[in-house]
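Here is the structure we will look at, set down as structure tokens.
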Amino acid sequence: MELAWYALLGLFFATYLVLGGYDYGVGLLLARRPAPPATPDHGRAADASSRAALNAVGPFFLGNEVWLVAAVGILFGAFPILEGELLSGFYPVVLGALAGVVLVTAGVQLRSRPRAQAARAGWDRVVVAGSALAALGWGALLGGLLQGVPRTASGHVTGVGHVFTPFVAAAGLAVLALVAVQGATFLTLRLPAADAPAVARLARRLIPVALAAVGTAAVLGLLSDRVRAAVARPAVAVLLLVALVAALLVARAALGRGRAGVAFAAISAALALPVALVGAALWPRVLVSTVDPAASLTVADAAASGPTLSLLGWLALPLVPALLGFQAMCWWVFRGRTDGRAPVYW
């Protein structure tokens, strides 16, 4: 029972990273807007470019965040001890990630209110900052879990110094790079056909950056005594890391051949694989103590009681098909590219 809920938690969070990833990736790409505009016409063109990008992601934006809410609900209900340890031991990165989510949502919703281009450019910068915070925060959380935490025999994580290490920073930057590639690849699928080649070239240029970021995180992990001690299944971790690199290479090759759909599927897999890597590499532990191995928290210890999990199962039975059906409906209704006749969302 605990394994099923742990897998469901990982599935929901990985799905959120994939779907929210292109939201934040599109948000990051708004930084390409020149500021201040050199001429009024230049400013109008830059504003139209930002609006086109946000219109492309607009129909999916809020629906994608539902997966985060669902993942947090599973965490609170099925793994209450883990929830407490994550919030206390990783509160700087969790707070940063949630602040980023709020900033992105507020910036996207409010950018259409002012008429002045300068004001809209300001909200674009809020979206860029929020997107970067969200991607860095969730990446740092995954890196911190893989690195281990100073959990003592009292059952609590002490301090927050463990989140300010080179490996955790590299993990955050790796997810940031993956998210940027995801956003550019998504726009390759959604923007008008005339604009897609330029965004595809950008996505192709970003993939080597993502490969370098992932490689840096991997090297720092290999050099870290904490990471090597925390990983219980190094062979599985290496296999999933190789799969992540292979997915990025497939995405680059597909973009070069003009197959944006294949590239999007590949980069989506690359964004989901870090969650699988952390879960599989640490199993059966979920929090590895770096100060007292006996204080490590296993999945079974972190889970709620059997009756509670059974009750939650009855709630999850209709929830999972409903979420999947809603997501499929959104993609079907808003499939294809945007054009001049598309509704303006932001």
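Rule-based calculations on the coordinates, nothing more; no lab input. Quantities reported herein were computed from a predicted structural model and do not represent experimental measurements. Cβ coordinates were reconstructed from backbone atoms using ideal geometry, including for glycine residues, and neighbour counts include every protein chain displayed.
Odds and ends about this structure:
- Residue ranges 65-74, 164-173 sort as 164-173, 65-74 when ordered by packing (mean number of other C-beta atoms within 10 Å per residue, highest first).
- Close amide H partners of residue 304, meaning residues 5 or more places away or on another chain with modelled amide H under 5 Å apart, are 79.
- Subtracting the Cα-Cα distance of residue 291 and residue 160 from 0.36 nm times their residue separation leaves 45.8 nm of extension gain.
- Zone residues, region 13-28, relative to residue 83, backbone N less than 16 Å from point 7 Å out along Cα-to-Cβ: 13
- Placed amide H near residue 111: partners under 5 Å, 5+ positions off or other chain: none
- Shape call, region 202-285: gyration tensor on alpha carbons, a/c limit 1.5: prolate
- Rounded to whole numbers, the Karplus 3J(HN,Hα) couplings from phi for region 227-241 are 5, 4, 6, 7, 6, 8, 10, x, 5, 5, 4, 5, 4, 5, 5 Hz, using 6.51 cos²θ - 1.76 cosθ + 1.60 with θ = phi - 60°, and x at Gly and Pro.
- The chain: C-alpha gyration tensor shape, a/c 1.5 cut-off, then a/b vs b/c: prolate
- Percentage relative contact order, region 239-346, counting C-alpha pairs under 8 Å, at least six apart: 15
- Residue 198 paired with residue 109, simple spin-label distance in nm, labels 7 Å along Cα-to-beta-carbon: 3.1
- Region 199-346 shape via C-alpha gyration tensor axes, a/c threshold 1.5: oblate
- Between residue 219 and residue 334, the simple spin-label model (points 7 angstrom out along Cα→Cβ) gives 4.0 nm.
- Normalised contact order of the chain, rounded percent, pairs of Cα under 8 Å and 6 or more residues apart: 25
- Built amide H within the under 5 Å cut-off of residue 289, gap 5+: 149, 296, 297
- Counting 0.36 nm for each residue step from residue 315 to residue 32 and taking away their Cα separation leaves a gain of 97.5 nm.
- Relative contact order, whole percent, for region 121-218 stands at 27, derived from Cα pairs under 8 Å and 6 or more residues apart.
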